[in-house]
Amino acid sequence: MVFLKKIKLDALINSIAIILCSFHLYTGLFGLLISFEQRSFHLFLSLCLVFLTHSFSKKELSKAEEGTKGIQLVDIIIILLLFISCSFIFFNWTKFMPFMVRKINNFEIFLTIITILIVLESARRVAGLAFPILVFLGFLYALYGHYIVGYWGHPKISMSYMLSLIYLSPDAIWGFMTGLSATYIALFVIFGSLLLSCGGGQTLVDLSKIIAGKLIGGPAKVAVIASAAFSMISGSPMANVATTGSFTIPMMKRLGYPSEFAGGVESAASTAGILTPPIMGAAAFIMAEFLQIPYLKVCISAAIPAFLFYLSVFMGVHFQSLKLNLKSIPEKDIPNIREVFTLPKMAGVFLPIIVLLFLLFRGYSLSLVGTCASLSILIVYLFSDFHYKNIYRRLFEIPRIFAEAGKAVIIMAPVLTSANILLFLLDHTGINLKFSNFVMSMSGGNLFVILLLTGVLVMILGCGLPATAAYVLGVTVAVPSLVKLGINPISIHLFILYYSIIAGITPPVCPTVYVGAAIAQSNWLKTAWVTMKLAPLLYIMPFVFVFDPTYIMIGSTGVIIYNVIMATVGVIIMESGLMGHLINKCNIFERITLFIAGILLLIPGGSIDLIGIIISSLIIIGQIFKKKNRENIRVS
């Protein structure tokens with residue numbers, strides 16, 4: 001394999017990234033192209049950047065990182081073939097739309113096979129081997145599944161018919177998830193990247209330090225608040241760990257915090273990125289498309305569980321800080337309030353979010369919402385002061401900012417397009433419905449057992465796939481069986497979404513924890529244990545809101561408020577048991593009892609709540625007496 005050295009790629013990569021970012025902002029503001037044109041242009045630019053920025057092997061990637069930048073000959077060939085394939089769709093889509101079954105010619109067969117291989121190779125480079133393997137197995141089943149006798153077999157599907165649908169119809173490569181990637185998802189990723197690149201990221205960090213830096217366990221609480229804020233605009237757990245963890249973890253370690261605790265706090269706090277409104281990541285847009293509901297409704301439904309999750313992490317940090325007597329941030333390291341609370345800095349963070357929420361509530365299209373919110377960031381950045389030299393300097397920073405935004409877009413395109421191909425194969429072979437019926441029969445129709453089996457399945461998928469892909473496949477195979485039981489569809493989808501990210505913090509495959517542990521230079525398994533103790537709501541909450549949808553804003557206002565209050569108390573009590581500290585350090589009996597009481601308060605129901613309150617009250621009274629006895633002994 002020839003490696004062409006000394007070819008400077010930075011200018012080329014940045015140019016393509018700028019074009020990609022500009023294309024999405026332009027079409028978002030002035031109107032999207034015809035679906036095939038929008039998707040083919042988006043896919044071409046995105047996959048070009050994948051092949052220019054992700055080398056064929058990790059060994060070659062390390063060479064690039066050391067400064068020997070170049071491009072492989074095979075990547076040049078791939079990009080040329082990709083150009084031919086996407087151009088064919090861009091200029092000829094009217095010839096095969098509306099799609100009609102016909103004999104596919106040899107050139108189209110060649111383009112189909114080439115495009116499938118290119119998409120799968122791009123997915124391998126950004127997300128690993130799991131997707132290509134699953135798609136390959138799907139192809140084998142589609143082509144040879146008719147030889148299987150009995151329940152798991154299916155009618156014969158001809159190769160020509162399958163290939164024509166994959167490439168020349170809107171069902172696979174150019175399907176709805178590729179469409180979401182080429183429209184809403186790209187624009188909201190650009191919005192998050194622009195907000196961080198234009199100084200919003202540093203402002204969020206400074207605000208977090210001002211809010212929580214002086215508290216006991218200040219650095220860890222800053223990590224929670226900063227990660228929660230980043231989650232609202234990025235929607236990527238690993239990106240959150242890498243971004244906020246790069247300053248919070250070293251700060252915690254510098255003040256004497258245990259490495260495993262520092263890495264665990266950041267990993268837990270960053271995990272709920274795709275669960276946190278207003279920007280929940282690609283899965284939320286796909287969820288809205290699946291359910292045929294406004295994206296805003298998805299955000300509203302996810303708000304209470306996201307609040308309770310971050311409360312659990314924050315209180316877990318608080319109780320552990322009391323237990324270990326962890327330090328606050330030194331006064332000299334906390335930003336001056338007057339320097340942070342300036343009009344340009346506050347407007348740079350909050351005005352774009354206000355614009356985004358205002359337009360969402362007014363019911364404008366998501367593409368226009370994302371574009372206007374992104375443009376508001378640029379306007380505030382350019383005119384943060386009116387000195388012409390500073391405006392001129394910031395104007396020349398725009399290409400760099402656009403390039404970073406364009407690069408942020410590329411990760412989703414190969415993953416979602418590969419998922420489209422796999423969904424096509426599952427749908428046309430009928431294995432998704434067969435698997436759903438199989439789960440139903442295995443569970444005997446018991447809802448809890450079905451949810452348990454579904455959660456385990458989605459967790460397994462999440463071990464090898466990105467969370468969005470695990471969510472999509474989980475929905476495909478699990479939703480039919482759960483719908484039959486009359487469960488609210490939003491509850492089902494959020495349940496699957498929650499369990500799609502749990503693999504990120506659950507051993508043995510826990511990539512979010514690996515990133516946090518790498519920054520903290522800690523034992524990854526101990527770090528994962530700390531993370532799970534701080535994030536029990538990820539495992540418990542999905543079961544709760546399936547059985548009682550008041551947690552996803554379905555029900556009367558009074559009941560919702562009551563349940564949220566009880567759940568808030570329950571989360572605090574539960575975390576005190578997990579961390580082993582309430583008023584004093586807890587013994588094992590108190591820890592178990594507090595954890596059970598917290599669970600009871602999470603479960604809606606007046607009598608159950610009363611039991612939880614009584615149990616936790618007895619422990620609290622016992623802790624108060626224990627503290628008084630200790631103080632009396634000291635005095636005497």
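Some notes on this structure:
- Packing-based ranking, highest mean first, of 325-332, 166-173 given that Cβ atoms within 10 Å are counted: 166-173, 325-332
- Mean residue ellipticity (222 nm) of the chain, computed from DSSP H runs ≥ 4 via -39,500 (n - 2.57), nearest 500: -24500 deg cm²/dmol
- Computed packing ranks the peptides 31-37, 222-228 as 222-228, 31-37, most packed first, by mean other Cβ atoms within 10 Å.
- Against the empirical curve 2.2 N^0.38 Å, the C-alpha radius of gyration of the stretch 558-636 lands at a ratio of 1.21.
- Phi to ³J(HN,Hα) by Karplus 6.51 cos²θ - 1.76 cosθ + 1.60 over the stretch 468-484, Hz, x for Gly, Pro: 4, 5, 4, 4, 4, 5, x, 4, 4, 9, 9, 4, x, 5, 6, 5, 4
- Taking the inverse of the mean 1/r over every pair of distinct Cα atoms in the chain gives a Kirkwood hydrodynamic radius of 26.1 Å.
- Between Ile148 and Phe83, the modelled labels are 4.2 nm apart [label points 7 Å from Cα along Cα→Cβ].
- Highest-first arrangement of 81-91, 382-392, where packing means the average Cβ count within 10 Å: 81-91, 382-392
- By the count of other C-beta atoms within 10 Å, a proxy for reagent exposure, Glu260, Glu339, Glu289 are ordered fewest to most as Glu339, Glu289, Glu260.
- Lysine pairs within the stretch 316-439, Cα separation less than 29 Å, 8 or more sequence positions apart or different chains: 6
Read-outs throughout are calculated quantities, based only on the coordinates presented, and are distinct from any laboratory measurement. For clarity, every value in this text was computed on a predicted model and none was experimentally measured. Methodologically, a virtual Cβ is constructed for each residue, glycine included, from the backbone with ideal geometry; neighbour enumeration extends over all protein chains shown.
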